[in-house]
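The values are calculated or read from the model by the stated rules, or taken from the named source; none is laboratory data. Not measured: the values here are computed from a predicted model. Positions of Cβ are generated from backbone atoms using ideal geometry, with glycine treated the same way; all protein chains shown enter the neighbour counts. Remember, those area values only see protein heavy atoms, side chains included, never the ligands or the DNA or RNA. Shrake-Rupley method; radii C 1.70, N 1.55, O 1.52, S 1.80 Å.
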Amino acid sequence: MNPLLRFLNPQLDRLPVYQPGRPIEEIARLYGLAPTAIVKLASNENPLGPSPRALEALRAAVESVHLYPDGHAFALRQRLAAKLGVSTEHIVLGNGSNEVLELVGHAWLRPGVDVVVSRYCFAVYPLVTQLFGARLITVPDRNHAHDLPAMRAALTPQTRVVFIANPNNPTGTCATPDELRQFVAGVPPDVLIVLDEAYIEYLDQPADFLPEIRSGRPNLLLVRTFSKIYGLAGLRIGYGIGHPDLVAALEKVREPFNVNRAAQAAALAALDDEAHVERTRALNRAGLRQLAEGCTALGLDYVPSAANFLLVRVGDAQAVFENMLRQGVIVRPMGAYELPEWIRISVGRPEENDRCLRALAQALNR
Ligand SMILES: *Cc1c(COP(=O)(O)O)cnc(C)c1O
């Protein structure tokens with residue numbers, strides 16, 4: 001045995017490795033399929049791709065990749081601040097919003113600290129908690145959704161962070177603005193509420209917590225991403241919005257050039273293309289309906305979704321997933337989320353959704 005493994009950070013011993021959606025290239029290689037024949041509906045990506053404006057900015061940025069990026073992402077933070085009605089001191093950028101979640105871990109989590117999450121929460125929250133040796137308190141769900149009063153009741157004197165995704169991944173469930181506001185108001189100021197809004201742009205009437213940020217709430221961090229509706233998942237860029245004190249703490253643990261030059265340029269341009277966002281929202285609305293109706297026709301239960309994916313009960317999810325893979329359709333089996341009977345299907349273009357439903361029907365012998 002490698003002697004160095006005896007000296008590994010003990011938190012790493014039982015730390016699972018995050019299981020991403022299977023990449024198109026890998027499935028093409030394994031099953032002898034053409035990459036263009038494969039439909040990937042596994043990672044909640046934008047089926048329309050990025051905004052053409054973002055692509056144009058990206059091409060231009062490529063010429064300057066010999067230069068370090070602006071470590072403070074001045075232009076992008078200014079643009080975001082203006083759009084959101086906050087100051088640049090309220091905004092911290094991450095290499096994906098995933099990195100913002102990890103910065104929270106660096107800043108507040110260690111052994112002796114508690115973290116509160118819901119059952120069926122986003123997989124990164126338990127991973128970050130465990131990585132920093134904090135204790136995870138998992139609150140039972142209510143019909144797959146977060147039970148916010150129970151989460152409030154589960155806070156301990158040692159609790160420093162509560163993670164909530166709204167809409168939630170992988171369930172697609174969404175709290176009402178009133179429920180959420182009541183929860184936020186009831187959490188003591190020495191507990192950080194991380195409100196993960198990765199899918200907020202898909203909502204028609206989202207709960208707006210920017211007024212809380214503007215009025216100086218000290219313990220709320222909104223986390224958003226360019227990976228989902230903006231279609232820039234491959235560039236890795238997301239951000240947090242919170243009190244300047246929180247942002248200053250996160251800035252201390254952020255590496256100097258965490259967000260690359262290409263990502264900054266593309267994100268800046270993507271923010272200007274509201275039409276692309278609106279097109280995506282409309283496509284998603286129709287696609288969710290198509291998938292839901294298809295599942296109903298197959299006699300399958302699903303969890304009504306506010307996001308860009310659908311959680312569907314199929315029986316042996318791992319077997320159904322593998323069967324669909326052989327047909328060139330990649331979805332996500334949810335065994336790692338304690339949902340071994342469920343798959344998560346990301347909304348695609350109409351023809352992709354149709355192929356997915358047909359592959360699902362075939363996998364189930366229907
Ligand atoms: C996809 C997702 C993220 C975003 O990840 P990035 O690191 O920004 O690509 C964050 N939170 C939730 C709940 C997600 O589903």
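Summary of values
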item: Cross-chain or 6+ apart pairs with Cβ under 8 Å, segment 15-44 first and assigned to a helix (DSSP H, G or I), then surrounded by fewer than 16 Cβ atoms within 10 Å (Cβ to Cβ) and basic (Lys, Arg); result: 31/326
item: From 58, 5, residue being of a type in the set (A, V, I, L, M), surrounded by fewer than 16 Cβ atoms within 10 Å (Cβ to Cβ) and part of a helix (DSSP H, G or I); result: 5
item: Conditions (1) surrounded by fewer than 20 Cβ atoms within 10 Å (Cβ to Cβ); (2) of a type in the set (Gly, Ala, Ser); (3) within 16 Å of the ligand (Cβ to nearest atom): number failed by residue 172; result: (1)
item: Out of 150, 60, sole residue that is under 28 Å from residue 310 (Cα atoms) and away from the ligand (no atom under 16 Å from the Cβ); result: 150
item: Matching helices (runs of 4 or more DSSP H) fully within segment 76-159 where at least 1 residues are among the basic types (Lys, Arg); result: 148-154
item: Selection count, segment 178-200, where residues are under 16 Å from residue 116 (Cβ atoms), of a type outside the set (A, V, I, L, M) and within 16 Å of the ligand (Cβ to nearest atom); result: 1
item: Candidates 237, 213, 229 - the one that is assigned by TED's automatic domain parsing to the domain that holds residue 69, in contact (Cβ under 8 Å) with a residue 60 or more places away in the chain and away from the ligand (no atom under 16 Å from the Cβ); result: 213
item: Within segment 294-308, tally of residues that are over 17 Å from residue 346 (Cβ atoms) and either among the hydroxyl-bearing types (Ser, Thr, Tyr) or assigned to a helix (DSSP H, G or I) (or both); result: 2
item: Candidate set from segment 77-107 (those that are of a type in the set (Asp, Glu) and farther than 21 Å from residue 216 by Cα); member that is farthest from the ligand (Cβ to nearest atom); result: 102
item: Residue check for residue 30: surrounded by fewer than 16 Cβ atoms within 10 Å (Cβ to Cβ) and in the same structural domain as residue 343 (by TED's automatic domain parsing); result: yes
item: Matching residues, segment 270-283, being open to solvent by less than 20 Å² (accessible area, probe 1.4 Å) and out of contact with any Pro (no Cβ under 9 Å at 6 or more places or on another chain); result: 271, 277
item: Qualifying position, being assigned by TED's automatic domain parsing to the domain that holds residue 23 and either buried (at least 19 other Cβ atoms within 10 Å of the Cβ) or within 16 Å of the ligand (Cβ to nearest atom) (or both), among 246, 288, 250; result: 288
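One line per residue, one yes/no per condition, for (1) among the β-branched types (Val, Ile, Thr); (2) over 25 Å from residue 345 (Cβ atoms); (3) touching a residue at least 40 places away in the same chain (Cβ under 8 Å):
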| residue | (1), (2), (3) |
| --- | --- |
| 111 | no, yes, no |
| 114 | no, yes, yes |
| 133 | no, yes, yes |
| 161 | yes, yes, yes |
| 166 | no, no, yes |
| 180 | no, yes, no |
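Residue-by-condition table, conditions (1) surrounded by fewer than 23 Cβ atoms within 10 Å (Cβ to Cβ); (2) assigned by TED's automatic domain parsing to the domain that holds residue 97; (3) out of contact with any Pro (no Cβ under 7 Å at 6 or more places or on another chain):
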residue: 136; (1), (2), (3): yes, yes, no
residue: 149; (1), (2), (3): yes, yes, yes
residue: 165; (1), (2), (3): no, yes, yes
residue: 180; (1), (2), (3): yes, yes, yes
residue: 183; (1), (2), (3): yes, yes, yes
